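To start, the structure itself, in structure tokens.
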Amino acid sequence: QVQLVESGGGLVQTGGSLRLSCAASGNIFSINVMGWYRQAPGKQREFVATITSGGTTNYADSVKGRFTISRDNGKNTVALQMNSLKPEDTAVYYCKLIIRTSDYWGQGTQVTVSS
């Protein structure tokens, strides 16, 4: 079994910063992809950023230059540093772990950016 636990969400003003963290536990293979997705009210869940176990990153155009994803392979953790936050970044943020063909999701953490 694999479990993902997110932390770090909250309320911040426009232009502020937040850092999300996700810790994975259980039967985790060393070669995997970790990432963040988000879902705003009334919208579908969307891709934010991913990082491979080798450190290759990928970002949605909407967050490039503002968000930075990082990971600690030894601790099986992934973080998302979010700067210059905008009201449109308001959403529930989900951590995702991809191992081979299996996907695992965290429970989500709310991020609210006030204007």
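Odds and ends about this structure:
- Among the residues listed as VAL12, VAL78, the single one being β-branched (Val, Ile, Thr), within 17 Å of VAL92 (Cα to Cα), at pLDDT 95 or above and surrounded by fewer than 18 Cβ atoms within 10 Å (Cβ to Cβ): VAL12
- Residue count for the stretch 82-115, restricted to those that are over 20 Å from PRO41 (Cα atoms) and open to solvent by less than 50 Å² (accessible area, probe 1.4 Å): 4
- Candidates GLY106, GLY74 - the one that is within 28 Å of PHE29 (Cβ to Cβ) and in contact with an Asp or Glu (Cβ under 8 Å, 6 or more places away or on another chain): GLY106
- Restricted to the stretch 16-70, the set of strands (runs of 3 or more DSSP E) holding at least 1 residues that are modelled with pLDDT of 95 or more, of a type in the set (Lys, Arg) and open to solvent by less than 40 Å² (accessible area, probe 1.4 Å) comprises 33-39.
The values are calculated or read from the model by the stated rules, or taken from the named source; none is laboratory data. A quick note: this is a predicted structure, and the numbers were derived from the prediction, not measured. All Cβ positions, glycine included, derive from the backbone under ideal geometry; neighbour counts span all protein chains shown. To get the accessible areas, we keep the full protein, side chains included, count just its heavy atoms, and leave off ligands, DNA and RNA. Shrake-Rupley method; radii C 1.70, N 1.55, O 1.52, S 1.80 Å.
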